[in-house]
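Here the structure is laid out as structure tokens; the discussion comes afterwards.
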Amino acid sequence: MSNDREAMSIARLKELVRERSKRAELPLAERRKVMDGNADVFPVPAGVTAMPADLDGLKAEWARPKETDGATVLYFHGGGYVLGSPVSHRHLTSRLALAARANVLSVDYRLAPEHPFPAAVDDGLKAYRWLLGEGHAPETIALAGDSAGGGLAMATLLAAKRDGLPMPMAAALLSPWTDLTCDTGTYASCAGADPMITQAGIKELAAMYLAGADPRDPLASPNHGDLAGLPPLLIQVGSDEVLLDDARDLDARARAAGVAVDLEIWDGMIHVWQAFYQMLPEGERAIEGIGGWLAGQYAAAGKARSGLARV
């Protein structure tokens, strides 16, 4: 465990999430404030410094550990494209920075409904271009994100490929939302097990983000895109998530396109359980696994660079 909080079972966590979901719906502005309140509930682990960043007018936040191996992770927070910020996910990006021994740059991309699709994708691509322009070699950059942020990481890859940009070394996706049609089978089969998301609720978020755009547009729903040429992917998803089929479909489509994929289905876990790592042992193990996977991708990219240098 990363701190001295009492360990919690996934069953108890599900109970707490269900209790919270029964509260009256708040206005969107209040919901955003509540989500940013995660920064008060979940402290940043020791050994990491949070620093604001300005990416040519796009706000972001660095999570910088004391020791790094040289990689950079470009991170996109979750929140259904209408909620969340680098502040709400600071505890998660900071823990990932420690696990991966990498600097993590969390993007404060524009949110719907004020800024509908494709604003978030434009911001994701701008952040990636900024890193490249600052001299970060693509083989030292990984993309990552949770929930909608996982979908945005995939959309950013597709936008970068469309524009002829070099691919980053890898992407790690935590419970990614990658199909905004919201009609896969696990919305029904996991409805009773997943206290985090309902099909009706997520369709409302999709409608706010899409604002009439085609939900099958690959930059909104990467599962409907051409995935050939993308870098290696790590996908973590819980077996009790309504988004389980999003992850499985992405895995199948990416593999069919020749992409290397590591799909991890965590038994009994709910949507973005990794964010509860300070109280849920499985969350801690999952983040450590992501960090190890990213470190392995960085090491492999380094060996490839060394081999090319000797040729």
**Asked** Going through the stretch 162-187 one residue at a time, which ones are under 27 Å from A304 (Cα atoms), touching a residue at least 60 places away in the same chain (Cβ under 8 Å) and over 19 Å from the mean Cα position of the chain (by Cα)?
**Response** none
**Prompt:** Of the residues in the stretch 185-202, how many are within 23 Å of Q274 (Cα to Cα) and not in a helix (DSSP H, G or I)?
**Reply:** 9
**Complete:** Within the stretch 263-287, residues being closer than 13 Å to L174 by Cβ and of a type in the set (D, E) number 2
**Message:** I need the full set of residues from the stretch 13-43 which are touching a His at 6+ places or on another chain (Cβ under 9 Å) and exposed (fewer than 12 other Cβ atoms within 10 Å of the Cβ), in order please.
**Reply:** V41
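Of all residues in the stretch 19-65, how many are among the polar types (S, T, N, Q) and over 18 Å from F76 (Cβ atoms)?
Here the count works out to 2.
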**Message:** For the condition surrounded by fewer than 24 Cβ atoms within 10 Å (Cβ to Cβ), touching a residue at least 24 places away in the same chain (Cβ under 8 Å), assigned to a helix (DSSP H, G or I) and in contact with a strand residue (DSSP E or B) (Cβ under 9 Å, 6 or more places away or on another chain), what is the one hit in L131, L157, L152, L205?
**Reply:** L131
**Request:** Considering only the stretch 82-112, state which residues are within 17 Å of K33 (Cβ to Cβ), touching a residue at least 60 places away in the same chain (Cβ under 8 Å) and touching a strand residue (DSSP E or B) at 6+ places or on another chain (Cβ under 8 Å).
**Result:** H89
**Item:** Failed item in (1) β-branched (V, I, T); (2) under 30 Å from H115 (Cα atoms); (3) not in a loop (DSSP other than H, G, I, E, B), with V242 passing the rest
**Value:** (3)
**Item:** Only one of T198, T178, T156 that is polar (S, T, N, Q) and out of contact with any Leu (no Cβ under 8 Å at 6 or more places or on another chain)
**Value:** T198
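Restricting attention to the stretch 267-281, which residues are under 17 Å from C190 (Cβ atoms) and surrounded by 17 or more Cβ atoms within 10 Å (Cβ to Cβ)?
If the condition is that a residue be under 17 Å from C190 (Cβ atoms) and surrounded by 17 or more Cβ atoms within 10 Å (Cβ to Cβ), then M269, I270, H271, V272, W273 are the ones that fit.
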**Item:** Every residue from the stretch 277-291 that is in a helix (DSSP H, G or I) and out of contact with any helix residue (DSSP H, G or I) (no Cβ under 7 Å at 6 or more places or on another chain)
**Value:** P281, E284, R285, G289
**Request:** May I ask you to list the residues in the stretch 16-34 that are modelled with pLDDT of 90 or more and not small (G, A, S)?
**Result:** P27, L28, E30, R31, R32, K33, V34
**Criterion violated by E264 - all others in (1) without any contact (Cβ under 8 Å) to a residue 40 or more places away in the chain; (2) within 18 Å of the chain's Cα centre (by Cα); (3) surrounded by fewer than 22 Cβ atoms within 10 Å (Cβ to Cβ); (4) assigned to a helix (DSSP H, G or I) satisfied** = (4)
**Message:** With the requirement that a residue be assigned to a helix (DSSP H, G or I) and either within 10 Å of W177 (Cα to Cα) or modelled with pLDDT under 95 (or both), what does the stretch 215-239 give you?
**Reply:** P222, N223
**S239 in contact with a strand residue (DSSP E or B) (Cβ under 8 Å, 6 or more places away or on another chain) and polar (S, T, N, Q)** = yes
**Evaluation of V121 against (1) in contact (Cβ under 8 Å) with a residue 60 or more places away in the chain; (2) under 30 Å from E282 (Cβ atoms); (3) within 14 Å of the chain's Cα centre (by Cα) (one fails), failing number** = (2)
**Request:** Starting from the stretch 4-24, keep only residues that are in a loop (DSSP other than H, G, I, E, B), then list their pairs with residues that are at pLDDT 75 or above and surrounded by 11 or more Cβ atoms within 10 Å (Cβ to Cβ) whose Cβ atoms are within a distance under 6 Å, requiring at least 6 positions of separation or different chains.
**Result:** R5/Q278; R5/M279; A7/P281; M8/M279; M8/L280
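Taking the stated definitions as given, is V259 β-branched (V, I, T), free of Cβ contacts under 8 Å to residues at least 40 places away in the same chain and within 23 Å of V73 (Cα to Cα)?
Values: β-branched (V, I, T): yes; free of Cβ contacts under 8 Å to residues at least 40 places away in the same chain: yes; within 23 Å of V73 (Cα to Cα): yes.
Considered against the rule, which asks whether it is β-branched (V, I, T), free of Cβ contacts under 8 Å to residues at least 40 places away in the same chain and within 23 Å of V73 (Cα to Cα), V259 comes out as yes.
The values are calculated or read from the model by the stated rules, or taken from the named source; none is laboratory data. Worth saying up front: this structure is predicted, and the values here are computed from it rather than measured. All Cβ positions, even for glycine, are placed from backbone atoms using ideal geometry, and neighbour counts span all protein chains on display.
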